[in-house]
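Asks: My structure is below; once you've seen it, I'll send some questions.
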Amino acid sequence: MKATFGEYIKKLRTDNGLTLTQLAFRLDLDSANLSKIENGKREFDEKRLTKLAIVFSLDIERLKIEYFGDQFAKKMYAYNCPTETLVVAEEKVNYLKNMNTK
C-alpha cells in the first residue's frame, strides 16, 4: 500500500461508515488522538493492532506488515537510507531467527 498507516486507518474507517468517535471508542482512544493518527501527526500504538484487526476483521499478520512496513519506511526516509537497508534488515532477521532456534 502506498498510503501511510494513518491514511490506511482512515480509509478503513470511512469505507466501513464509521465516524472518528465510533472508531476511537472501539480502539480505546479519544477522537482527537485518532484524528492526529490519521493525519500523520501522531503514531499509532502497536499495542492496538489486535483491536484494529478485530474491528475491521483483518488478518493480524497482514496488518503487522502494513504497520511495520510504514515504520521502517518512515525511519529510512528520515535518515535518507538506501533501499539496500531492507536487504540487510532481512539478513539480520534471519540471523536472529537462527540464533533463537539454537
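Asks: Show the residue pairs that are 6+ apart or on different chains and have beta-carbon atoms under 6 Å apart, the first residue being within the stretch 28-41 and in contact (Cβ under 8 Å) with a residue 24 or more places away in the chain and within 16 Å of THR14 (Cβ to Cβ), the second being among the β-branched types (Val, Ile, Thr) and assigned to a helix (DSSP H, G or I).
Replies: If the second residue must be among the β-branched types (Val, Ile, Thr) and assigned to a helix (DSSP H, G or I), the pairs left are GLU38/ILE9.
Asks: Just to be sure I understand, how many residues within the stretch 46-84 are in a loop (DSSP other than H, G, I, E, B) and among the hydroxyl-bearing types (Ser, Thr, Tyr)?
Replies: 3
Asks: Give all pairs with beta carbons closer than 9 Å in which a residue from the stretch 70-96 that is aliphatic (A, V, I, L, M) meets a residue that is loosely packed, with under 13 Cβ neighbours inside 10 Å and at pLDDT 95 or above; count only pairs at least 6 apart in sequence or on separate chains.
Replies: Pairs that qualify, where the first residue is aliphatic (A, V, I, L, M) and the partner is loosely packed, with under 13 Cβ neighbours inside 10 Å and at pLDDT 95 or above, are MET76/PRO82.
Asks: Hey, does the stretch 66-85 have a residue that's more than 17 Å from the chain's Cα centre (by Cα), at pLDDT 95 or above and charged (D, E, K, R)?
Replies: The answer is yes; a qualifying residue exists.
The values are calculated or read from the model by the stated rules, or taken from the named source; none is laboratory data. Only a predicted model underlies this, so the values are computations on that prediction, with no experimental measurement involved. Cβ: placed from backbone, ideal geometry, glycine included. Neighbour counts: every protein chain shown.
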